[in-house]
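Here's the structure we're looking at; comments come further down.
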Amino acid sequence: QVQLVESGGGLVQAGGSLRLSCTTSESIFSINAMGWYRQAPGKQRELVASITSDGRRAYADSGKGRFTIFRNNGKNTMYLQMNSLRPEDTAVYYCHAESRDVGYWGQGTQVTVFL
């Protein structure tokens, strides 16, 4: 079973930046794909960005040009660099990983963007 530990959320003014981290309990090489999702109050959880084991990235329209997803395989960690943050980015951000056809979720980290 893969455990995911997230960190990096917080309170930031609009236009600011945050970097989220997700560290896996197993070697990241055993994980097929990873991604970041977010869920705002009263809304469904949505995909923000994803990255495959061979480094292919995909982004939701909401984050294109502002967010960057990347991995540090040596640290078994995935990151989400978020720049030019907006109040509408406020949500709980969740790390997701798929390993051996099983999906795993982190506990979530709160991101709050204020004007």
In whole Hz, what ³J(HN,Hα) sequence does region 38-47 give by Karplus (6.51, -1.76, 1.60; θ = phi - 60°), x for Gly and Pro? 9, 9, 8, x, x, 10, 6, 5, 10, 6
Throw me the Rg/Rh for region 2-115, computed over C-alpha atoms with Kirkwood Rh, two decimals. 0.95
Counting only residues 5 or more places away or on other chains, whose amide H sits under 5 Å from the amide H of Ala14 once H atoms are built in the peptide plane? Phe114, Leu115
Nearest-20 debye value, the chain charge dipole, Cβ charges on Lys, Arg, Asp, Glu: 220 debye
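Applying 1/(1 + (r/R0)^6) with R0 = 30 Å to the Cβ-Cβ distance of Glu88 and Arg56, what FRET efficiency is obtained, to the nearest 0.05? The partial results should precede the final answer.
On the way: r = 27 Å, r/R0 = 0.89.
That gives a FRET efficiency of 0.65.
Taking K and R as +1 and D and E as -1, what net charge do the other residues with C-beta under 15 Å from the C-beta of Leu85 add up to?
Within the 15 Å Cβ shell, the charges total +3.
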Phi-derived 3J(HN,Hα) across region 68-77 with the Karplus relation (6.51, -1.76, 1.60, θ = phi - 60°), rounded Hz, x for Gly and Pro, is 9, 9, 7, 10, 10, 5, x, 9, 6, 9
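Return a whole-number percent for the relative contact order of the chain, with Cα pairs under 8 Å and 6 or more residues apart as the contact set.
Working: 283 pairs, mean separation 42.2, N = 115.
The value is 37 percent.
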Along the positive direction of the dipole of region 56-110 (beta-carbon charges: Lys, Arg +1; Asp, Glu -1; about the Cα centre), which of Tyr79, Tyr93, Gly63 reaches farthest? Tyr79
What spacing in nm lies between the two simple spin-label points modelled at Ser30 and Trp105, each 7 Å away from Cα in the Cβ direction? 2.2 nm
³J(HN,Hα) computed for each position of region 79-84 - Karplus, 6.51 cos²θ - 1.76 cosθ + 1.60, integer Hz, glycine/proline x: 10, 10, 8, 10, 10, 6
Can you list the residues, at least 5 places off or on another chain, whose amide H is less than 5 Å from the amide H of Ser84, using H built in the peptide plane? none
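Bear in mind these aren't lab numbers, they're just calculated from the coordinates by the rules spelled out. Only a predicted model underlies this, so the values are computations on that prediction, with no experimental measurement involved. All Cβ positions, even for glycine, are placed from backbone atoms using ideal geometry, and neighbour counts span all protein chains on display.
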